[in-house]
Structure formats: structure tokens, C-alpha cells
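The values are calculated or read from the model by the stated rules, or taken from the named source; none is laboratory data. Values in this document were obtained by computation on a predicted structure and should not be read as measured data. Glycine gets a Cβ as well: all are built from the backbone with ideal geometry, and neighbour counts include every protein chain shown.
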Amino acid sequence: MFDGAATAPIKADVGVRDGIVVTLDAALVEAGTASGTRVIDMTGRLLLPGFVDAHVHPVEGGVERLGCDLSSGWTREDYLQEIEEFVIEHPDADWIIGGGWQQAAFPGGAPLASDLDSISTLKPMIISNRDHHSAWVNSLVLQMLGIDRNYPDPQDGRIERDADGNPTGTLHEGARSLALRLAPQSTRKEMYDGLIEAQRYLHSFGITGWQDALIGDYGNHSSDIVNVYQQAIDRDTLRARVNGAIWWSRGDDETQLEEVLALRERFGGEYFRVGTVKIMQDGVTENRTAAMLDPYVAPVCSCGGGDRGISFLEPERLNHYVALLDSHGVQVHFHAIGDRAVRESLDAVEEARIHNGDSGITHHIAHLQVVHPEDIERFSRLDVAANIQALWASNDPQMVRLNLPIIGEARANWQYPFSSLFKSGAQMCAGSDWPVTSPDPWLGIHVAVNRQHPADHPDFNPAVFVPQERLTLDAALRAYTSGSARINGREHYTGTIKEGFAADLVVADRNPFDHPNDEIGKTRTIETFFAGESVFSA
């Protein structure tokens, strides 16, 4: 087994009773094996702690899987076919809401309204991309919003336009939010069904816990998600240990804290608890809204932040909010893609440490695409965890076609600095950001270790991406298990296989330590246990 804490697997017998690991002693396991006890032979396999996804959007992902889901497609033609089929199969739908397209499938990462118009001009259509920072809309939505050549870009977003300034059909960040506010929100039933579908899907990859990375009224997210989790608890259908991160609205003030504290008081149970706030400090690189210290490489964009991206919160406000949250014992989960956003997030934590002293709270920064080398050591020093989305650290089409041309050579080598962060002593946790990308931990671990996708994956590129930032297999596994359990404050009974810990366990079909690193992605989860109960079996 790999226990989630060591650097290599060990041979051990594991005894489980009443949802708890009761012994790792082979003699005691044998003595306690009574009639009716299930015995699992692990020969050629590997037992691990249940994976914990430190940054995921299960309800949104589940609703998408049950709706107009484009995540299985790879080309413009794939997407148009899937949308058309969905429209035909749902003739009573007043709106077509979906998601899952990747920007690399379109020139400049910007699909056209005219393509959607060819399917329907009578139904408004809003199709978010995989990272949910952009939306593809038809002309009817643009008309409903009143967006034309004279309509200004919102302060926190950007509208794709042609050479004459006319909108072409792609809306980024705050502009996407304008469209989503028009659309009907998912119902409680749709969100509940989405959560149960997401849980089933996540269990199939060995995931037994997660941090829901955005709960609140933002885009097509909803603050009602907290009640959806409670509904699952009441119905005894939630089989995961979940921490919720409450959305911190950049348009509101510090009075939001009252609701956060009330939710923390209300939701503090074993299966679902709230004690984290989500602050999104910038956008994403491919649409030039990630906040950079230096300008993007030409062509210069017209987005709200000029040619250095957008900081959604001014540093002074960010510093104030983080110090306030930290003083009330609230963890902050930052979204930071660009090196300026990363630095601003670290600066805010440093200000909180100065004002509040050591609160004992480990805040964490997710994504970390571009990190200035001078900021690497600050993670460990400030007790800020690096929340990595390892699957993004490769020369996939989005990286090659959209990101590398606009960030320049120096910053290209600062991307996803996993090894540098690990060697500096930073705490590491890992998440998928699903439905942005696959939640499969084995695929993420493969990319973390190899810095390229498996050879049979559509995104495989033989050119290794910033190879000096590879993680070791054991370090990647710890990030996906004990590291993520720690960021959820559950390291005292989950994330490792120890006596007295919860029997949240994963059975892999092979031991990846016995195979070359370029075969890690071939590993499959064949059974998942939550509190000793088998919740998935291949």
C-alpha cells in the first residue's frame, strides 16, 4: 500500500471495521478475519487513501453532464454536432445552456455567434468553455443584452469583436456573467441530481472528498448549493467529505462576512462543512485576463486591464478582506493564474500575518500558472499551500496555440513551478477544477510527473513542458491525498492509511511504482471505499 505519507509503498495488511482502519498488523488482521469478512487480495495492485480533490465544482459539473455537455468533443465540428443534437432532443427547452468547449478548437480561442445561429436563432444559447471564464453565445443573446459596437466592455471582462468593433459571439469573464444573469438558474432538483451524478463520477476515479471551490451567486453557480448538500445529507445519499468555499463577491463589501460566519455555524458536520472563502483575483491567460506583472506579448488586447490583465480586487481591498477573514478564522482559497495575481495574493496573506500574527490557518492559492521566481519561497514562509491543477502543465493545444504566443519566453519557463514549490518547502495539495478538465487523479499525477499527457491522449505532445518542474510520483500522490486532506482540515483522520483513520480507500489495478513513469496514466481505479463501504467497483 501507499499510505499517503511515505515516499514509497510498503507491504501491509489493512483491517477495516465499522468504517475505520482498525489495524495494520498482519497477525491481528488474520485473527480478526471471521466468516463473512471480505478479503481483498492486493497482489499486483496498490491500496491508497481515498483521493481528495482540493479544487472542484461538482454540482456544476454534474448539471453539465446531465445537460448540453461538450466535454467529450475536441473540434468545432464536434461541438456544433453535439449542440444541434441536444436542441433536437430537447424541443421544449426555452434556453440552451451548456459547456465544455475548449478554446484551442477555434482561431484566437473565440467561436462565432454565426455558428450557433445556424442551429437556432429562436432560442437563446449560452455555452461556457471548459474553464468557465468565457461563453459562446448566439446573436439572440447579444441582442437581448443590447451588446453592439457601441456597448463598452465591462470593467471585469471583455467582449470579442471584429475589426469594426462588432461583437462576434464570445464573452469573457464579467461579460459572460452578464449573459448568465439573463438565463434561468438551475432548479434545486437539477442541482441535487447534478451532485449525485458528480459524486458517482468522482467515486469512479477514487475521489472520496473534495473542496467545492465556489459556492455562491456567480455565473451559473448558486448559493443554494449549500442546501443541496444538506438535502443529500438528509436523504443519506452524500458519500464524501466535503468542504465548501463561499464566493466572495467583488461587487460587495465586508458585510459578506456575516453570511460566511452564519454558514460556518450552520454547516459544520462530518460530511459537509463551510469554513473557507473563495476569492478570484484574476481571469485566465488564454483570454488575456490573467493579471501579469509585465504586459502580454503583442498583439495588445483591449480588455479592461489594458495589456497586463485584470486584478479583480484592488490590492488595498484584497489586503483588507484577507486580514479580516483571517482574523475570524476563515480560510481563503485564492484563484490566481498570472504572476501579478499570485503576488497580490501572497502580499495579502503577508499583511494578514503582520496584523493578526500566526492565526494557524493555512490559506491556499489555486492554479499558479505563472509564478515569479522571487515569490516561490514566500509560500513556505507564509504558510500558504500551493493548490495545483497538474493536468494543465503540458504542451497541450491550448498552451501551444493560445498561451505561449502571448506570455513570452521568460514567463513560459515560470509556468506551473511544482518542483520549485515542493523543494522550497511549500505545502502541496491538488485538485482538478473539474468540469474544466478531467477529475481523474491518475491522469493528473501522470502529467505532474511527466509534464506531458499519456501517449494515447488527444492532448499528447512529445515536447516535454518545462521539464525541470516535474514532481516525483510519491510527492504527487501525497498532494492528491494527505496534502489535500490537510487543506480541508481533515488530516487527523483522512488522507493517510493509519489505525483509527477513516477507511476511505482506493484500490488501483496496478502499482505505478513498479512501472515506468510514462505509464502512470495507464493506472485505473477499480474500487473505491468510503467509510468502509464500497461506493464504486469497476
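A quick yes/no check of all residues on (1) in contact with a Gly (Cβ under 9 Å, 6 or more places away or on another chain); (2) within 20 Å of ASP92 (Cα to Cα); (3) modelled with pLDDT under 95:
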residue	(1), (2), (3)
ILE126	yes, yes, no
ARG130	yes, no, yes
LEU140	no, yes, no
ASP148	yes, no, no
TYR151	no, no, no
GLN155	yes, no, yes
ARG158	yes, no, yes
ARG161	no, no, no
THR168	no, no, no
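Note on the range 234-259: residues that are more than 30 Å from ARG158 (Cα to Cα) and in contact with a strand residue (DSSP E or B) (Cβ under 8 Å, 6 or more places away or on another chain) total 7.
In the range 141-165, the residues that are over 19 Å from PRO111 (Cβ atoms) form Cβ pairs under 7 Å with partners that are aliphatic (A, V, I, L, M) and outside any strand (DSSP E or B), at six or more places apart or across chains, as follows: PRO154/ALA175; PRO154/LEU178; ASP156/ILE310. Could we say that ALA213 is in contact (Cβ under 8 Å) with a residue 24 or more places away in the chain, in contact with a helix residue (DSSP H, G or I) (Cβ under 7 Å, 6 or more places away or on another chain) and crowded, with 22+ Cβ neighbours inside 10 Å here? Against the criterion (in contact (Cβ under 8 Å) with a residue 24 or more places away in the chain, in contact with a helix residue (DSSP H, G or I) (Cβ under 7 Å, 6 or more places away or on another chain) and crowded, with 22+ Cβ neighbours inside 10 Å), ALA213 does not qualify. Here ALA232 clears all of (1) crowded, with 19+ Cβ neighbours inside 10 Å; (2) closer than 23 Å to ASN387 by Cα; (3) of a type in the set (Gly, Ala, Ser) except the condition numbered (2). The single residue among GLN398, GLN389, GLN415 that is at pLDDT below 95 and under 18 Å from VAL466 (Cα atoms) turns out to be GLN398. The single condition among (1) in a helix (DSSP H, G or I); (2) surrounded by fewer than 17 Cβ atoms within 10 Å (Cβ to Cβ) that VAL342 does not satisfy is (2). Annotation: of all residues in the range 228-275 being touching a residue at least 60 places away in the same chain (Cβ under 8 Å) and out of contact with any helix residue (DSSP H, G or I) (no Cβ under 9 Å at 6 or more places or on another chain), the one that is nearest to ASP217 (Cα to Cα) is ALA245. The numbered conditions (1) part of a loop (DSSP other than H, G, I, E, B); (2) over 21 Å from LEU195 (Cβ atoms) are all true for LEU47 except (1).
Can you work out which of the residues in the range 250-297 that are touching a Lys or Arg at 6+ places or on another chain (Cβ under 6 Å), closer than 23 Å to VAL52 by Cα and not aromatic (Phe, Trp, Tyr) is surrounded by the most Cβ atoms within 10 Å (Cβ to Cβ)? Once the filter is applied, the top-ranked residue is VAL274. The set of residues in the range 260-284 being β-branched (Val, Ile, Thr) and either closer than 27 Å to LEU402 by Cα or at pLDDT below 95 (or both) consists of ILE279, VAL284.
Would you confirm, using the coordinates I've provided, whether GLY283 is farther than 22 Å from SER534 by Cα, assigned to a loop (DSSP other than H, G, I, E, B) and in contact with a strand residue (DSSP E or B) (Cβ under 6 Å, 6 or more places away or on another chain)? It is true that GLY283 is farther than 22 Å from SER534 by Cα, assigned to a loop (DSSP other than H, G, I, E, B) and in contact with a strand residue (DSSP E or B) (Cβ under 6 Å, 6 or more places away or on another chain). The condition of being surrounded by fewer than 20 Cβ atoms within 10 Å (Cβ to Cβ), in contact with an Asp or Glu (Cβ under 6 Å, 6 or more places away or on another chain) and either touching a residue at least 40 places away in the same chain (Cβ under 8 Å) or among the charged types (D, E, K, R) (or both) holds for only one of SER419, SER438, that being SER419. In the range 239-259, which residue that is within 30 Å of ILE196 (Cα to Cα) and in a loop (DSSP other than H, G, I, E, B) is modelled with the lowest pLDDT? Within the range 239-259, the match that is modelled with the lowest pLDDT is SER249. What pairs come up if the first residue lies in the range 486-514 and is touching a residue at least 60 places away in the same chain (Cβ under 8 Å) and more than 23 Å from SER537 (Cα to Cα), the second is small (Gly, Ala, Ser) and crowded, with 22+ Cβ neighbours inside 10 Å, and their beta carbons are under 6 Å apart, counting only those six or more places apart or on different chains? From residues that are touching a residue at least 60 places away in the same chain (Cβ under 8 Å) and more than 23 Å from SER537 (Cα to Cα), the pairs are ILE487/ALA54; ILE487/ALA385. Taken over the range 398-416, the criterion of being buried (at least 18 other Cβ atoms within 10 Å of the Cβ) and among the β-branched types (Val, Ile, Thr) is satisfied by ILE406, ILE407.
Among the residues of the range 166-185, those that are within 22 Å of the chain's Cα centre (by Cα), of a type outside the set (S, T, N, Q), part of a helix (DSSP H, G or I) and closer than 12 Å to LEU145 by Cα comprise ALA175, ARG176, LEU180.
Does the range 484-504 contain at least one residue that is closer than 17 Å to VAL447 by Cβ and either in a helix (DSSP H, G or I) or touching a Gly at 6+ places or on another chain (Cβ under 7 Å) (or both)? Checking the range 484-504: at least one residue is closer than 17 Å to VAL447 by Cβ and either in a helix (DSSP H, G or I) or touching a Gly at 6+ places or on another chain (Cβ under 7 Å) (or both).
Total residues in the range 508-535 satisfying the condition of being hydrophobic (A, V, I, L, M, F, W, C) and either in a loop (DSSP other than H, G, I, E, B) or closer than 12 Å to GLY50 by Cα (or both): the figure is 5. Within the range 173-186, residues that are under 20 Å from ASP282 (Cα atoms) have Cβ atoms under 6 Å from residues that are of a type outside the set (D, E, K, R) and part of a helix (DSSP H, G or I) in these pairs: LEU178/LEU145; ALA179/VAL141, counting only partners at least 6 apart in sequence or on another chain.
With respect to being crowded, with 19+ Cβ neighbours inside 10 Å and of a type in the set (Lys, Arg), ARG241 fits the description.
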